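*Asks:* This is the structure I have questions about; it appears just below.
The values are calculated or read from the model by the stated rules, or taken from the named source; none is laboratory data. Keep in mind it's a predicted model, so treat the numbers as computed, not measured. Cβ atoms come from the backbone with ideal geometry, glycine included; neighbour counts cover every protein chain shown. Keep in mind that these areas ignore ligands, DNA and RNA; they rest on the heavy atoms of the full protein, side chains included. Shrake-Rupley method; radii C 1.70, N 1.55, O 1.52, S 1.80 Å.
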Amino acid sequence: MSRPGRGSITFAVLAVAVSSFALLQSMIVPVLATIQGEFETDQTTVTWVLTAYLLSASIATPLLGRVGDVVGKTRMLVITLCALVVGSLLAALAPSIGWLIFARVVQGAGGGVLPLAFGIARDEFKDKVTTALSVLASLTAVGFGFGIVIAGPIVDAFGVDGLFWLPMGVTAVAALAAALFVPESPVRTPARLPVLPAVLLSVWLIALLLGLSEGNVWGWSSPRILGLFALAIVGVVAWVTVESRVPVPMIDMRMMRLRGVWTTNLVAAFVGFGMFAAFGFLPQFLQTPSAAGYGFGASISESGLLLVPSAIASFLVGFFTARLIHAVGARAVIVTGTLLTAGAFAGMGLFHDTTAQLYVATTVQGVGSGLVFSSLAGVVIASVPREQTGVASGMNANIRTIGGSVGAAVMAGIVTAQVGPTGIPAESGYTVGFLVLAAAMAVAAVAAWFIPDLRDQPTSGPLQDAENAELGYVPGAPSVSPTGTTTAPGPA
């Protein structure tokens, strides 16, 4: 246990760190249409502001968490917070959309804040670790929802730059405080880093995402697009081969053979695919001028509020997950959650004439996602030995983020397939896009049917289940095992 006084400062720094990251990654969601207008770019390109962030987080988060285990968590926390500061500065000063996308890549590397902060809390607050981790998890989840809500007022008062200047100042203070007051943990785990798997993952993901997003512009049968898809296929084969052989993989292919692991990871990938794509494009749909024949000409604040019921519903439903699993089994709960989410996305595509219809859809989607993510954590924990819960849960979170990056790129390709003279996509693009997301959730339901039918939820209680439900919205967010140890992304 850390010394009195210093322990309070340590916890305050960790709280600010995880909150800053959650805010930075969610505030951008309802502002993509505004960024598109300010930088005079197209919808496909502006989607990379979200996609690049998810891609960076999926690769950097497990790597930086592992580096912290090797060289010191506090040292890496300071470096990661500095990356957030630099990324925010670059974004605030961005003269072009390319510059902003690069800045978002740097910010995505800040995802390492999550496993590092949770790891420091585990080491520092041994006798109160469950409480400390629970509060940090709540702050991370609440920060995501709060960021969506306050994005509009911040842009109204300070412009888009304010979304980066304000968090940058807070994060800089947190970085300085971490360097001065957070003690370095004596717990080290010397090991090799999964550098080659990370490089190969980057290669095939970038090739795939670039091909998906630029297919409408370059032509789906053009040599460039076909070459990118070929590179993605070769990259996947090489990545899986290397991951199967290296001593420290990013995603443990041996563990993936376990029924409770591969099924939950497949579900997480498809739910992440749908959820991040929907969150990225629903605000843009709302902000489309009604003169286009659809849309509501909503403000940033109004479109952000539409996403709030989803976060609230997911959190609340998590409190009842354990009872539902005990009554009907984890398989039925997760299948129900994926089908509810599929219905919500289908509703968004087919019934979007009024905001009331969309509020109903986002609320149902929140209930569905909450059932899925609050249940997956328990299935993962029950499927692997106690000492591997960190690896398995982190792997699940990382696969969810990878699915999200692919989903955002696919949605961008579908929505922008038909663009009118004014540069506004046709309504049919959104309709087809949301129906594709619904189909992805149907596939997730099929995968969920093969999940082991557990009747007990091996987590520490309803609050943790509720936190896991809402943390599903945060890229790479760790969860907490029944023993209070952090199940952070990446190898442990």
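*Asks:* Given the conditions (1) open to solvent by less than 20 Å² (accessible area, probe 1.4 Å); (2) not in a helix (DSSP H, G or I), which single one is not true for TRP220?
*Replies:* So the condition that TRP220 fails would be (1).
*Asks:* Just a yes or no: is a residue in the stretch 289-301 within 19 Å of the chain's Cα centre (by Cα), under 21 Å from VAL474 (Cβ atoms) and either touching a residue at least 12 places away in the same chain (Cβ under 8 Å) or surrounded by fewer than 24 Cβ atoms within 10 Å (Cβ to Cβ) (or both)?
*Replies:* Within the stretch 289-301, none of the residues are within 19 Å of the chain's Cα centre (by Cα), under 21 Å from VAL474 (Cβ atoms) and either touching a residue at least 12 places away in the same chain (Cβ under 8 Å) or surrounded by fewer than 24 Cβ atoms within 10 Å (Cβ to Cβ) (or both).
*Asks:* Looking at (1) under 25 Å from ALA417 (Cα atoms); (2) under 25 Å from the mean Cα position of the chain (by Cα), which is the one condition that is false for PRO194?
*Replies:* (1)
*Asks:* Could you identify the single residue in PHE315, PHE285 that is of a type in the set (A, V, I, L, M, F, W, C), part of a helix (DSSP H, G or I) and closer than 20 Å to LEU435 by Cβ?
*Replies:* Every option except PHE285 fails the conditions.
*Asks:* Within the stretch 100-128, which residues are of a type in the set (Phe, Trp, Tyr) and buried (at least 23 other Cβ atoms within 10 Å of the Cβ)?
*Replies:* Listed by number, the list holds a single entry, PHE118.
Okay, residues lined up against (1) within 20 Å of GLY65 (Cβ to Cβ); (2) under 16 Å from the mean Cα position of the chain (by Cα):
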position	(1), (2)
ALA342	no, no
GLY347	no, no
PHE351	no, no
ALA356	no, no
GLY366	no, yes
VAL372	no, yes
VAL380	yes, no
SER383	no, no
ALA397	yes, yes
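*Asks:* In addition: Taking the stretch 434-492 only, how many residues are open to solvent by 10 Å² or more (accessible area, probe 1.4 Å), modelled with pLDDT of 95 or more, not small (Gly, Ala, Ser) and not in a loop (DSSP other than H, G, I, E, B)?
*Replies:* Residues that pass the stated criteria total 4.
*Asks:* Here's something else I'd like to know. Evaluate the following for GLY143: is it under 13 Å from VAL78 (Cα atoms), of a type outside the set (A, V, I, L, M), part of a helix (DSSP H, G or I) and within 17 Å of the chain's Cα centre (by Cα)?
*Replies:* Answer is no for this residue.
*Asks:* Any chance the stretch 322-342 includes a residue that's open to solvent by 60 Å² or more (accessible area, probe 1.4 Å), farther than 21 Å from PHE146 by Cα and in contact with a Lys or Arg (Cβ under 8 Å, 6 or more places away or on another chain)?
*Replies:* Looking for residues that are open to solvent by 60 Å² or more (accessible area, probe 1.4 Å), farther than 21 Å from PHE146 by Cα and in contact with a Lys or Arg (Cβ under 8 Å, 6 or more places away or on another chain), one finds at least one in the stretch 322-342, hence yes.
*Asks:* Sticking with this one: Inside the stretch 52-127, counting only helices (runs of 4 or more DSSP H) that do not spill past its ends, which hold 1 or more residues that are among the β-branched types (Val, Ile, Thr) and at pLDDT 90 or above?
*Replies:* Passing ranges, in order: 73-92, 97-108.
*Asks:* Can I ask one more? Could you run through the stretch 61-92 and say how many residues are small (Gly, Ala, Ser) and buried (at least 24 other Cβ atoms within 10 Å of the Cβ)?
*Replies:* Within the stretch 61-92, residues that are small (Gly, Ala, Ser) and buried (at least 24 other Cβ atoms within 10 Å of the Cβ) number 5.
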